[in-house]
1. Residues in region 156-200 that are among the small types (Gly, Ala, Ser), surrounded by 21 or more Cβ atoms within 10 Å (Cβ to Cβ) and outside any helix (DSSP H, G or I): how many?
2. Mind telling me which of the residues Gln61, Gln4, Gln29 ends up being surrounded by fewer than 14 Cβ atoms within 10 Å (Cβ to Cβ) and at pLDDT 95 or above?
3. Would you be able to tell me the number of residues in region 72-118 that are assigned to a helix (DSSP H, G or I) and either of a type outside the set (Phe, Trp, Tyr) or more than 17 Å from the chain's Cα centre (by Cα) (or both)?
4. Every residue in region 2-22 that is assigned to a loop (DSSP other than H, G, I, E, B) and closer than 16 Å to Ile195 by Cβ, please.
5. Is there any pair linking a residue in region 144-172 that is among the hydroxyl-bearing types (Ser, Thr, Tyr) to one that is assigned to a helix (DSSP H, G or I), with Cβ under 6 Å and at least six apart or on different chains, and which?
6. Collect the residues in region 119-155 that are among the hydrophobic types (A, V, I, L, M, F, W, C) and outside any loop (DSSP other than H, G, I, E, B), keeping them in residue-number order.
7. Inside region 23-62, can you point out the residues that are in a loop (DSSP other than H, G, I, E, B) and closer than 30 Å to Ile107 by Cβ?
8. If I filter region 36-66 down to residues being polar (S, T, N, Q) and over 30 Å from Pro176 (Cα atoms), which single residue comes out as farthest from the chain's Cα centre (by Cα)?
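The values are calculated or read from the model by the stated rules, or taken from the named source; none is laboratory data. Since the model is a prediction, treat every value here as computed from it, not as a measurement. So basically every Cβ, Gly included, is an ideal-geometry build from the backbone, and we count neighbours across all protein chains shown.
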Amino acid sequence: MELQVANGGSVAVSDDVFARDFNEGLVHQAVVAYMAAGRAGTKAQKTRSDVSGGGAKPFRQKGTGRARAGSIRSPLWRTGGKSFAARPRSFEQKLNKKMYRAAMRSIFSELARQDRLVVVNGFDVADAKTKVMVARLKDYGSNDVLLVSDVDDVNVLLAARNIPYCEVATVASLNPVSLVGHEKVVVTVAAIEKIQEWLA
């Protein structure tokens, strides 16, 4: 299989990576797992055993006319503990490497089928200027773009950081949420080779 390069020419790619059937269930699982792993899970509340005080019975059992009470730290009281208190937890979902790579191959194949994958020789951003990057995005046909290179390019990062819906990533930092969430994915030829090495 060959992908057309926007600047002219083409690049040969593996059918195993860029011509797979779309597995919607697996892609959904990968996206949910990635987003769940980003959750902090640090919420914490106190139960009645964690709240200080409440060792003594607040008033006698009978004769006061009030409802019986054994502790001022009961969840029924204003200063009491929480009935079902939240605890620090991990939202991480297990996803095997084999499944994750299969999901990424499925995403790349679907991007290629929908003509949302644009291959370029380079981004040609000599100066870290936003207006230069805006002109490049017009050539790609959309402002909602994920720019993927093989290595970190400071000029590209600085030129794109003030543009809404434009994200810059390397092959090492690629994730299913970014790939699915953008209208166009612009990848350099060098990055395509690295992607193939990773997913082949």
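1. Looking only at region 156-200, we keep the residues that are among the small types (Gly, Ala, Ser), and these are 159-160, 169, 172-173, 178, 181, 190-191, 200.
Then drop every residue that is not surrounded by 21 or more Cβ atoms within 10 Å (Cβ to Cβ), which leaves 159-160, 191.
Those still in the list that are outside any helix (DSSP H, G or I) too: none.
Here the count works out to 0.
2. After ruling out the rest, the residue left standing is Gln61.
3. Looking only at region 72-118, we keep the residues that are assigned to a helix (DSSP H, G or I), and these are 97-113.
Still in the running and either of a type outside the set (Phe, Trp, Tyr) or more than 17 Å from the chain's Cα centre (by Cα) (or both): 97-99, 101-107, 109-113.
Adding up the residues that qualify gives 15.
4. Start the filter on region 2-22 by keeping residues that are assigned to a loop (DSSP other than H, G, I, E, B), which leaves 6-9, 13-14, 19-22.
Selection gives Val13, Ser14, Ala19, Arg20.
5. What qualifies is Ser149/Ala191.
6. The first filter runs over region 119-155 and keeps only residues among the hydrophobic types (A, V, I, L, M, F, W, C), leaving 119-120, 123, 125-126, 128, 132-135, 137, 145-148, 151, 154.
Within region 119-155, Val119, Val120, Val132, Met133, Val134, Ala135, Leu137, Val145, Leu146, Leu147, Val148, Val154 meet the criteria.
7. Within region 23-62, the first condition is being in a loop (DSSP other than H, G, I, E, B), and the residues that meet it are 23, 38-62.
Hits for region 23-62 are Asn23, Gly38, Arg39, Ala40, Gly41.
8. Within region 36-66, the first condition is being polar (S, T, N, Q), and the residues that meet it are 42, 45, 47, 49, 52, 61, 64.
The next check asks that each one be over 30 Å from Pro176 (Cα atoms); those that pass are 45, 47, 49, 52, 61, 64.
Details: Gln45: 27, Thr47: 33, Ser49: 37, Ser52: 40, Gln61: 56, Thr64: 59 Å.
Within region 36-66, the match that is farthest from the chain's Cα centre (by Cα) is Thr64.
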